[in-house]
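Take a look at the structure set out below.
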Amino acid sequence: MPLILTINIGSSSLKCSIYSMGDTERLVIVGSMTRIGTTSGRFSVVNGQGQPVIEETLVLPDHGAAVRRLLNWIIAEAQLRHLDAVGHRVVHGGTWFTQPTPISEEMLSTLTSLTPLAPEHLPHQIAAIHAIEQALPDAQQVACFDTAFHHQMPAVAKHYALPKRLTDAGIVRYGFHGLSYEYIVSALCQASGDGTANGRIIIAHLGNGASMVAVLDGRSIDTTMGFTPTGGLVMGTRSGDLDPGVILYAIEELGLDPATVRRLVSHQAGLLGVSGSSGDMGELLRQETVDAQAVTAIALFCYQARKFLGSLATVLGGIDTLIFTAGIGEHIPAIRARVCAGLEFLGIALDPARNEVNAPLISRDDSPTAVRVMRTNEELMIARHTAAALRQRQRYVEAH
């Protein structure tokens, strides 16, 4: 049974898992590295039964150091030493990569050229690929793209109102969080059958990064994030959608250089920018009774989420199922309630008691629209894609 390591790198974190992928999918370990880029990084691993394996505080100056520490630990563990493959979440595939793909030097060259589209993610992900290539030269590496789930969106959903030469140059809506959405659709199908999974679905991936997608017949037909992961909903530190004139004004009138503007919209905006204190929704809710700016930040997040949810329902011609997932979506009942407030005209009616305990189904029994809370699992989706790539390679070898 193939033993597969998954790597999921964020702007300041690294999530990993090892799966044994045979006739059954068995989780061996799951780990995380947080606060990368600081002197107080955290490295923790639990086994497949949820029992702690390692917990340490260490200096993680960059993502390369985090990957090397992870690999040193894996290689030291005899039962984990012989990895068959490594699957990576790669945030942006541009127009080139629309399905999971074995990693090659040519691919890495293309990914490097795409770094301006996701400068907070792609450089770290490419560095991790290089580090693993050096440490585990015999392991097949596979890139799983967060944009791939959206590549079949209708052209009208992809296009910006720009000259054709810019559209042809790849300036279109790509969408992100695709691995999360793909997993949720597959889990919904397994739990509720094809009839539900092929209906009119909106999935709200609400975390530090946040987006929504409209899904019909299991396929993405529109989504809130666009050309980069900065657009769409209000996020923890990202602005979401802005009038382009705001960027021009910041550069031309306020004298901000492009690098400063990039930091502004990616790291200093969103909940953090509006509140002036925190990009963490849980912390803002705790401050709500004493901090008017926290109140404003929360209200803006929920207002924008309702507005985008309504627009996606219009694209679908109605909604059969609404699914909340990711950190905020899975764990914060108050935000789910506020996002859904006033959406009775869409058939959305929450059961307060179910919502409060994060029940799998949080809508009332008489609600025309089912509202669900589902745990996402990008790592398992990566492992599945990587295992499929290994099987495809094996069939090719046997045929030649």
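Semi-axis lengths, largest first, of the ellipsoid equivalent to segment 93-161 are 26, 13, 9 Å, with √(5λ) applied to each eigenvalue of the Cα gyration tensor. Once the mean of 1/r is taken over each pair of separate Cα atoms and inverted, segment 1-45 shows a Kirkwood hydrodynamic radius of 11.4 Å.
The Cα trace of segment 49-200 gives Rg and Dmax of 18.7, 57 Å, the first to one decimal, the second as a whole number.
For the chain, the longest principal axis of the Cα atoms and the long axis of helix 63-76 meet at an angle of about 50 degrees. Taken about its Cα centre, segment 62-171 carries a charge dipole of about 340 debye when Lys and Arg each add +1 at the Cβ and Asp and Glu each add -1 at the Cβ.
Here F301 sits with roughly 10 square angstrom of accessible surface, probe radius 1.4 Å. What angle do you read, to the nearest 10 degrees and between 0 and 90, between the alpha-carbon axis of helix 292-316 and the longest principal axis of the chain? Helix 292-316 and the main axis of the chain meet at about 80 degrees. Between the residues G317, G207, T6, the greatest Cα displacement towards the positive end of the dipole of the chain, with unit charges on the Cβ of Lys, Arg, Asp and Glu, is found for G317. Cα to Cα, under 17 Å, and not fewer than 8 places away if on the same chain: which aspartates and glutamates meet these conditions relative to K158? Qualifying aspartates and glutamates at Cα under 17 Å: D146, D168, D222, D241.
Taking the inverse of the mean reciprocal distance over all distinct Cα pairs, the Kirkwood hydrodynamic radius of segment 255-342 comes to 14.5 Å. Across the chain the C-alpha pair distances fall into 20 Å bins from zero in the proportions 26, 60, 15, 0 percent. For the chain, the fraction of 1.4 Å probe accessible surface lying on carbon and sulfur atoms is 53 percent. Relative contact order of the chain, taken over Cα pairs closer than 8 Å and 6 or more residues apart, is 14 percent.
A protection proxy built from the mean count of other Cβ atoms within 10 Å ranks the segments 324-335, 190-201, most packed first, as 324-335, 190-201. Taken about its Cα centre, the chain carries a charge dipole of roughly 160 debye when the Cβ of each Lys and Arg holds +1 and the Cβ of each Asp and Glu holds -1.
If both residues of a DSSP beta bridge must be in the chain, then about 70% of such bridges are antiparallel. When the surface is traced with a 1.4 Å probe over the full set of protein chains, C340 keeps roughly 10 Å² accessible. Evaluate Rg over Rh across segment 17-137, taking Cα atoms for both radii and Kirkwood's formula for Rh. Ratio of gyration radius to Kirkwood radius for segment 17-137: 0.98. Think of a 1.4 Å ball rolled over the protein heavy atoms: segment 94-197 then has 47 Å² of accessible area per residue. Where does the Debye-calculated log10 I(q)/I(0) of segment 302-400 sit at q = 0.12, 0.16, 0.17 Å⁻¹, using only Cα point scatterers of equal weight, no solvent? Debye intensities relative to I(0), on a log10 scale: -0.50, -0.70, -0.75. A Förster distance of 45 Å, applied to the separation of the beta-carbon atoms of T196 and D138, puts the FRET efficiency at 0.60. Using R0 = 51 Å, the C-beta based FRET efficiency linking L166 and Q51 works out to 0.45. For segment 164-286, taking the reciprocal of the average inverse distance between every pair of different Cα atoms yields a Kirkwood hydrodynamic radius of 16.3 Å.
This model, with +1 at the C-beta of Lys and Arg and -1 at the C-beta of Asp and Glu, gives segment 223-373 a dipole about its Cα centre of some 180 debye.
The values are calculated or read from the model by the stated rules, or taken from the named source; none is laboratory data. Computed from a predicted model, the values in this text were never measured in an experiment. With ideal geometry, Cβ positions are generated from the backbone for all residues, glycine too; neighbour counts draw on all protein chains shown. Side chains are part of the model used for accessible areas, which takes the heavy atoms of the whole protein and leaves out ligands, DNA and RNA. Shrake-Rupley method; radii C 1.70, N 1.55, O 1.52, S 1.80 Å.
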